[in-house]
1. Using helices alone, what [θ] at 222 nm do you get for the chain, with -39,500 (n - 2.57) per DSSP H run of 4 or more residues, divided over all residues and rounded to the nearest 500?
2. Magnitude of the Cβ-charge dipole of the stretch 22-159, K/R +1 and D/E -1, about the Cα centre, nearest 20 debye?
3. Among Leu207, Gln143, Ala163, whose Cα projects farthest towards the positive end of the dipole of the chain, with charges put on the beta-carbon of Lys, Arg (+1) and Asp, Glu (-1)?
4. Treat the count of other C-beta atoms within 10 Å as a stand-in for reagent exposure and order Leu189, Leu241, Leu46 from fewest to most.
5. What does the charge add up to near Leu34, with Lys and Arg as +1, Asp and Glu as -1, over the other residues with Cβ less than 14 Å from its Cβ?
6. Could you work out the Kirkwood radius for the chain, taking every pair of different alpha carbons, averaging 1/r and inverting it, reported in Å?
7. May I ask you to derive the FRET efficiency for Leu183 and Arg330 from their Cβ-Cβ distance with R0 = 45 Å, giving the value to the nearest 0.05?
8. Where does the Debye-calculated log10 I(q)/I(0) of the stretch 177-222 sit at q = 0.13, 0.25 Å⁻¹, using only Cα point scatterers of equal weight, no solvent?
Amino acid sequence: MRDQVDRDIDGLSPYEFLSPWIIYGPLVIVWILLGLRYRDFAVATLANPHIPAGGLCGESKGDILDQVGRDARAWIAPWHVFTSGNGSDIRAREAMDRLGLTFPVVVKPDIGCKGAGVRRLDGPESLRETLGLYPDNVAVMIQHFIPHVGEAGIFYSRIPGEATGRILSMTFKTSPSVVGDGLSTLRELVLAHPRTGRVPHVYLPRLAAQLDHVPEAGRRIPLVFTGNHSKGSAFRDASHLVTPELTRRIDAILRSMPDFHHGRVDLRFASVAALREGHGFQIIEINGIGSEPIHMWAPGTALADIYRIQFRFYGRAFRIGDLMRRRGHRSSGAFHMLRLWRRQSALIASYPPGH
């Protein structure tokens, strides 16, 4: 299991941590060209018309999960959204009791992206401390911690009118880890690792309180909790492992939502074999058109291929949105997207660091 998920963990693409302007600048240009072609810069948001901006930015994670049909909810890790501020730890514990959750749990902002504010919490003290770092009146989600080792991002897409959607890509996410030798500090282990040592600025700040500690020999220390590229998780393209059984399962779950056509499901799974058979997993989040086709971050992907992947996936979102427009849906416009993005950016700046 570990070999299948962790293979290529030491790899680092030379393009993974380039300036966002280099990675996404050409996409902005293509987005503008597509907006001109379809005569609406926001038409892609209609790919998922019941999610604000189609899930491009500013959407509520909880509201999206609420759209999943009752029978399909068994595949989602139990969650609850509450408001930060005075008494938030009490509200969180009450939610845990209702959902039957025990520590560890995951706490994250209800509106956010790129792993901002996402933390695994192991007890009441860490829960109280973390919630105290949020500004007042912010929506926060508490969710069951899924103990499975494997984590994957599955990008799903369905053209309106098609009987069955497709899985366009599947990517395994893995946390880089170091193994103690009883002599080296955590800082030294991170700097000596073939991946993390090349981009220490991604990992060291988050581990600041532990860097001078000497882990005992043989102890494996994961360096990232959040399965997010910007936080340093390593990705491997697993699209070749997609099966008809898995496709049918994901399609059934997402077809239980109203008019969901294009986005990524993030989940944790017990084994590759079970995942390929369409069971043995729980969903963490369902993301809309703003979710990246994260197989583009796999080591060995050329910069030109990163561009092609983005152009293909966002071009498909515009095509789907245009078809939904022909069915009577209307976008909220580019300025609405901008307002949501600015609100999301301001919220993210107020969150505590993620793990």
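1. On the way: 11 runs with 119 residues, N = 355.
About -10000 deg cm²/dmol.
2. 400 debye
3. Ala163
4. Neighbour counts put them in this order, fewest first: Leu241, Leu189, Leu46.
5. Values: positive: Arg37, Arg39, Arg312, Arg316, Arg319, Arg325; negative: Asp40, Asp322.
Local net charge: +4.
6. Values: mean 1/r = 0.0472 Å⁻¹.
Here the Kirkwood hydrodynamic radius works out to 21.2 Å.
7. Once the sixth-power term is evaluated, E becomes 0.10.
8. Relative scattering, expressed as log10 I(q)/I(0), comes to -0.22, -0.85.
Bear in mind these aren't lab numbers, they're just calculated from the coordinates by the rules spelled out. Worth saying up front: this structure is predicted, and the values here are computed from it rather than measured. Note that each Cβ is placed from the backbone with ideal geometry, even for glycine, and that neighbours are counted across all protein chains shown.
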